[in-house]
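The values are calculated or read from the model by the stated rules, or taken from the named source; none is laboratory data. Source: prediction; values computed, not measured. Counting neighbours? That spans all protein chains shown, and the Cβs are built from the backbone with ideal geometry, glycine included. Just the protein is used for accessible areas: all its heavy atoms, side chains included, with ligands, DNA and RNA removed. Shrake-Rupley method; radii C 1.70, N 1.55, O 1.52, S 1.80 Å.
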Amino acid sequence: MGQSIEALAQFVAQTSWADIPPAVQQHAKMVFLDTLGVILAGSERPEVKSLAERLGATGGSGATVYARGCPAADPRTAALLNGIAGRAIELCEGLRFVSGQAAMQVLPGVLAVSEQAGSNGRELLAALVLGYEVVARLSSGFTPRPLAHQNGQVSLIAAAAAGAKLRGLDAAGISLAMRIATTLVLTPSYTNAVAGATALNVAGGMSGFAASLAPELALAGFEAQPDAIEQALGELVGDGFKSDRVLDELGTTWHITRNYFRLYACCNPIHPSLDCVKAALAELQPRPEEIERIDIATYRFASVMRNPDPPNYFASKYSLPHAAAAMAVRGGAGFADLDDSALADPVIAALRHRIHIAEDPAMTALAPRLRPARVTITLADGRTATSECESHRGDFQLPFTEAELRGKFHELSGTILTPEGVAAAEVAIGRAENWQSVVELTDPLRRYSR
């Protein structure tokens, strides 16, 4: 087994909440708050509700499903459902410089295993931060295959590390759980998203499932090959894995603070273009029917998300024409703006076909360090406005305000909680390091469920 992997497992085993700097602790609680809000709102998607009902019919207890009424389930089922819910509305945060939605892959398992193990708040929060750290550090050496989506790959292994820490495993046990988890690594594709295949979201949920299962396999006596991680990432699901930078600035750079948050309810690569659309619309203030065309130039990965006729709600989250048209018609591209009704709106549908997207190779050369975009809106009367940006708002270099993120939580959690419940959950997470157990969150969520 590689020395870097073993050193990373040792770091996870030995690091406590008290070892994490105060600024990182505060940011981690904001990531927790944001991610919980996304899970709560995502739990209302029809396919997620239906799955919860089907799996709930077989019973189980030990953990909470973060949905209306907060029903109980066994830890693996709860983590699976919460992870799927969190992926369902395309509003989760993620790593800025490597692909990965770390908190949504790690937190569902952390919540479930914490509840099962009776962990306190400091233990829960430390596992979240450390699981996030493993996602970022393994991702730094991982070369994914071109069409591979990162849900259920590196992040699944990292979730297993977080779960193992909560189950009290030492460094060797955490390493073993991570290596066992490689047998669970999945192969989701970005084409799932464009096609509207919500099965992609199951891959995210499986990271939570692995966080609960892999430590139990380790504790039960299952073994794994020494180089399981290197082989899985380097030869089986990826095009290469180098461990030489995995330990860079370990303990001094905390990757949970180098993330992005989302306010637009769509795939992150198209957010720079939407920032530019917003600015150009503000300058012209047109009615939708006055817009003759919108021309968008951006980097390659964002430019391929150009389907003007997404087949369903999930696919619409990966359509730049749809998000831009909704912004022009509804004034935004947030959770309420990009709902099911937006897909059926005839004004939005007509405008989608007047939006033209092209790759700018010079912009592609700058990604992922920068994520540039340029937008020109042309009106029927000949007036134009152009806006361009190097990257979008929301990442750690150009962050949203705390008020904006708390406003997002209020909106999303309010889908299943009363106003009193929203406030109680927000207060609870703000003092999470003082919890005796996760019951201090689940109790008010149950009490104030709509």
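Worth pointing out:
- Near pairs, Cβ below 6 angstrom, 6+ apart or cross-chain, from the stretch 385-399 (modelled with pLDDT of 95 or more) to any residue that is β-branched (Val, Ile, Thr) and open to solvent by less than 20 Å² (accessible area, probe 1.4 Å): Ala385/Ile377; Ser387/Val375
- Lone unmet requirement of (1) open to solvent by 20 Å² or more (accessible area, probe 1.4 Å); (2) touching a strand residue (DSSP E or B) at 6+ places or on another chain (Cβ under 9 Å); (3) in contact (Cβ under 8 Å) with a residue 12 or more places away in the chain for Pro288: (2)
- Enumeration of residues in the stretch 85-131 that are closer than 18 Å to Cys266 by Cα, of a type in the set (Gly, Ala, Ser) and surrounded by fewer than 23 Cβ atoms within 10 Å (Cβ to Cβ): Gly94, Ser99
- Residues of the stretch 91-133 that turn out to be of a type in the set (Val, Ile, Thr), at pLDDT 95 or above and within 15 Å of the chain's Cα centre (by Cα), as a count: 3
- Residue match in the stretch 31-38 (condition: closer than 19 Å to Asp340 by Cβ and touching a residue at least 24 places away in the same chain (Cβ under 8 Å)): yes
- Scanning the stretch 349-386 for residues that are open to solvent by less than 30 Å² (accessible area, probe 1.4 Å), within 19 Å of Asn268 (Cα to Cα) and of a type in the set (Gly, Ala, Ser) yields one hit, Ala373.
- Tallying residues that are in a helix (DSSP H, G or I) and either open to solvent by less than 20 Å² (accessible area, probe 1.4 Å) or free of Cβ contacts under 8 Å to residues at least 12 places away in the same chain (or both) within the stretch 293-348 yields 19.
- Only listed residue being touching a strand residue (DSSP E or B) at 6+ places or on another chain (Cβ under 6 Å), open to solvent by less than 60 Å² (accessible area, probe 1.4 Å) and not polar (S, T, N, Q), chosen from Gly414, Gly430, Gly407, Gly394: Gly394
- Within the stretch 172-214, if we keep just the residues that are aliphatic (A, V, I, L, M) and in a loop (DSSP other than H, G, I, E, B), the residue that is most open to solvent (accessible area, probe 1.4 Å) turns out to be Ala199.
- Taking the criterion of being within 23 Å of Leu186 (Cβ to Cβ), surrounded by fewer than 23 Cβ atoms within 10 Å (Cβ to Cβ) and not β-branched (Val, Ile, Thr), the residues of the stretch 242-267 that qualify are Lys242, Ser243, Cys267.
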